[in-house]
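Down below is the structure, laid out as structure tokens.
The values are calculated or read from the model by the stated rules, or taken from the named source; none is laboratory data. This is a predicted model, so every value here is computed, not measured. Cβ coordinates were reconstructed from backbone atoms using ideal geometry, including for glycine residues, and neighbour counts include every protein chain displayed. The protein model used for the area step is the full one, side chains on, heavy atoms only, and it has no ligands, DNA or RNA in it. Shrake-Rupley method; radii C 1.70, N 1.55, O 1.52, S 1.80 Å.
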Amino acid sequence: MNPPPLPSNWKHGFWCLMGTQFQGAFSDNVLKQLVIFLVMAQHLPKAQLDALVSDAGTYFAVPFLLFSMFGGWMADRFSKRHVMIGVKTMEVGIMIFATLALSSRNLNLQLASICLMGVHSAFFAASKYGSLPEVVPPEKLSWANGVIEMLTFLAAILGTLAAGWLAVGFADKPAWPGVILLGLAIIGWLMSRGITRVPAASPDKPLRLNFLGDLWREFRWMRTDRDLWRANLGNTGFFFIAFLIQMNLLLYAEQVMHVDPLGNSALQVALAVGMAAGSLLAGKLSGDHVEYGLIPLGAFVMAAMGFMLGLEGISKTLFTFCLALLGIGGGLFIVPLAAVLQHRPPADRKGAVQGAASWLSWVGISAAALLQKELNIRLQWTPGQIFWFCAACAVVAGIYVTMSRPAALPAMLKRWMKGDDEGRMPNAE
């Protein structure tokens, strides 16, 4: 099934989608980081603090494991635009609940609000990524992925900064951050109404309540396409490493650098700035094709910087610089993988593939949250040792991609040296 032709004003719908995504990612980060900073402000014992930081990540991840496939089904069964508008309506209600949770200073309710935002994002993810091939021309897909990843990490930058500022500035007025987030949710709903109108890709697709069975069927189908399956594995590995680094960074800033929430936010921003820059750079370098050679390059940059972060006695300036470079490596790694996941499936199952890919990525995130607790509490690893573990994982990812496509990196470097921008969309080998 071929997608319908794009309207002449496709850029308007595309940028409305980008604005909606930016607002959602910003609010996600503000709420999650704000709750973590409020927990840190209680000066709990180290073991309890480590556990709560890990639990906050788990509460956000679990809804993705439960609802990603349902979100994928909705993205195929209904117009992706209608799904996204419905999800943004849902966010307004969630932020009303979050306002009440913050004003009550009840940690359990605050964690529940994080969980509800996880449900919101699980429903949104498949329609967001699955709609890109329907709202941009095929030759703009890599560029669009670079833009959406760049804006996502820019939202993480600003959201993390805003969370630190709100935690300090409204320490005595906890309801106000919730009111601000509620206002942003309404703005996001308004922007979602400008997204390009697209028909349902598979309006007769039945709902199967056994989502594990659906997952198994999607995995079996994806395994018939070697590039698509490898992209899923790489996507999962990336989110495992990225989330473990992010949680470890929160604890490193608190326990090793002894900084306040604003200082903690600044370190998170350095990482997110790098991710945004790396994503935009990957989109630019890819041009009108998927550049597989960027994946091992990004993995080895992440590995080198992860090793540097774990060095004892590293200065704050050098640490921050290495964080930014690690983020650039992450952007180079993830953008080509996202483009493969969107380009290769046929139109009538893009939503299901995105749902399955999202589910796998949150398996990686959940594993990172659980492992963070085990390494910190049971094995008593230092934050530096955990950074080294992340570097080792990146090395494994880089070696695997290099062995899977040994010609990709040399071919890319050869094209750069010749100034040749021609490329191809991915085809199974």
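Tabulated results
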quantity: When residues of the stretch 72-128 are limited to those that are among the aromatic types (F, W, Y) and either part of a helix (DSSP H, G or I) or touching a helix residue (DSSP H, G or I) at 6+ places or on another chain (Cβ under 8 Å) (or both), the one most open to solvent (accessible area, probe 1.4 Å); calculated: F97
quantity: Residues of the stretch 351-371 satisfying the condition of being modelled with pLDDT of 85 or more and of a type outside the set (A, V, I, L, M); calculated: G364
quantity: The stretch 30-53, residues that are modelled with pLDDT of 85 or more and not β-branched (V, I, T); calculated: L31, L34
quantity: Filtered residue count, the stretch 228-268, keeping only those that are part of a loop (DSSP other than H, G, I, E, B) and charged (D, E, K, R); calculated: 1
quantity: Meets criteria (within 21 Å of A408 (Cβ to Cβ), part of a helix (DSSP H, G or I) and aromatic (F, W, Y)) for F219; calculated: no
quantity: Residues (out of contact with any Cys (no Cβ under 8 Å at 6 or more places or on another chain) and either crowded, with 24+ Cβ neighbours inside 10 Å or under 15 Å from Q110 (Cα atoms) (or both)) located in the stretch 49-66; calculated: L52, V53, S54, D55, A56, G57, T58, A61, F64
quantity: Failed condition for F240, given (1) under 20 Å from the mean Cα position of the chain (by Cα); (2) modelled with pLDDT under 85; calculated: (2)
quantity: Subset of the stretch 324-350 [at pLDDT 90 or above and either surrounded by fewer than 23 Cβ atoms within 10 Å (Cβ to Cβ) or of a type in the set (V, I, T) (or both)]; calculated: A324, L325, I328
quantity: Residue among G298, G313 that is open to solvent by less than 30 Å² (accessible area, probe 1.4 Å) and either out of contact with any Cys (no Cβ under 8 Å at 6 or more places or on another chain) or part of a helix (DSSP H, G or I) (or both); calculated: G298
quantity: Unmet criterion (only one of (1) within 17 Å of the chain's Cα centre (by Cα); (2) closer than 29 Å to S265 by Cβ) for A339; calculated: (2)
quantity: Tally of residues being open to solvent by less than 70 Å² (accessible area, probe 1.4 Å) and assigned to a loop (DSSP other than H, G, I, E, B) across the stretch 150-188; calculated: 3
quantity: Subset of the stretch 189-216 that is in a helix (DSSP H, G or I) and either in contact with a Cys (Cβ under 8 Å, 6 or more places away or on another chain) or under 24 Å from F22 (Cα atoms) (or both) - its residue that is least open to solvent (accessible area, probe 1.4 Å); calculated: S192
quantity: Residues within the stretch 366-388 that are more than 17 Å from E254 (Cβ to Cβ), open to solvent by 10 Å² or more (accessible area, probe 1.4 Å) and part of a helix (DSSP H, G or I), tallied; calculated: 7
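Per-residue answers, yes or no, for (1) within 22 Å of the chain's Cα centre (by Cα); (2) open to solvent by 30 Å² or more (accessible area, probe 1.4 Å):
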{"residue": "N248", "(1), (2)": "yes, no"}
{"residue": "L262", "(1), (2)": "no, yes"}
{"residue": "A270", "(1), (2)": "yes, no"}
{"residue": "L281", "(1), (2)": "yes, yes"}
